1. Once you place label points 7 Å from the Cα toward the Cβ at B:Arg6 and B:Leu80, how far apart are they in nm?
2. Express in whole angstrom the spacing between the alpha-carbon centres of segment A:40-60 and segment B:42-57.
3. Looking only at other chains, what is the average number of their beta-carbon atoms within 10 angstrom of each beta-carbon in B:23-31?
4. Which FRET efficiency value, to the nearest 0.05, do you get for A:Val31 and A:Ala63 by plugging their Cβ-Cβ distance into 1/(1 + (r/R0)^6) with R0 = 30 Å?
5. Where nothing but the Cβ of Lys and Arg (+1) and of Asp and Glu (-1) is charged, how large is the charge dipole of chain B around its Cα centre, in debye to the nearest 20?
6. Could the peptides B:80-86, A:46-52 be put in order, highest first, of the mean number of other beta-carbon atoms found within 10 Å of their residues?
7. With everything on Cα atoms, drop me the angle between helix B:3-28 and the longest principal axis of chain B, reported from 0 to 90° to the nearest 10.
8. Could you go through segment B:73-80 in sequence order and give the Karplus-derived ³J(HN,Hα) for each residue, using 6.51 cos²θ - 1.76 cosθ + 1.60 with θ = phi - 60°, rounded to whole Hz, and x for Gly and Pro?
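Throughout, read-outs are computed from the coordinates displayed, never taken from laboratory work. The model shown is predicted, which means the values in this text are computed figures rather than measured ones. Cβ placement follows ideal geometry from the backbone for every residue including glycine, while neighbour counts extend to all protein chains displayed.
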Amino acid sequence: MTYEITPENLVYHTLIGLETVVAESTNSDMVGTRGVVVDETRNTLLITTGYSDFSAMKEATAAIRSEIRNTTPHSGEPDEVGEHFLDKTIPKTHSTFIFSLPDDRKVRVDGDLLVARPEDRISKKHKN
Amino acid sequence: MTRKHRKRWIKNIAGQQIKRLFELAESISEARPPMADRYVHIARRIGMRHRVRIPAHLKRRMCKHCGKYLVPGRTCRVRLNGTCVVVTCLACGKQTRYPYHHDRNHTPNKERE
């Protein structure tokens, strides 16, 4: 069976790889942050801004690598490429996210529902 | 949802997540290898927490010793020695052997004698 992320199970599913926008936050600087989720901890999402999905990131890699090679020869290792992406850490609490599903549907999620480690989030129960 | 149904549903989602995390690891491994390793780590944690096995073909894409995501030719070396597929992780240097005895009475060593 193939995986399927639906608006109903999004809260329990992997958030990594989805495009997201911070719709509301108590910190006004974070509102409007748009990018792809690359990592997740219990309380935060790590968002790489400027990319809508991983394939766009992959395409950008070659350009970044050649740029590094031009400025500093004998480098361009993958680890150094990673530092050229602009990452932002957004706390899950006090924020509202709009996730774009792979089938282009958009879901608005209160960040408070997402507070849990990725492996614990599946079995979390919600009242609604 | 009864308890039984809920359990089954959780395992189903967990299995989907493991698959998805490995796909994501594949697509990001070129740009940011540390992230790919992180996804393998999360996939393992999900598998352990919900007692879902990591599918055999995906298990070969990670190092059993250090948990790195393995890409043949870039982060691991794959060799055949007549009895096993030997996968060497280039990060930790440890080897994992996957035996492929088709007929246990006909190992190459015996044929030589």
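1. Label at B:Arg6, label at B:Leu80, 5.0 nm between them.
2. 23
3. So the per-residue partner count for this stretch is 6.
4. Efficiency, rounded to the nearest 0.05: 0.50.
5. 840
6. By packing density, highest mean first, the sequence is A:46-52, B:80-86.
7. Once rounded, the angle reads 60 degrees.
8. Values, residue by residue: x, 10, 10, 8, 10, 10, 9, 9 Hz.
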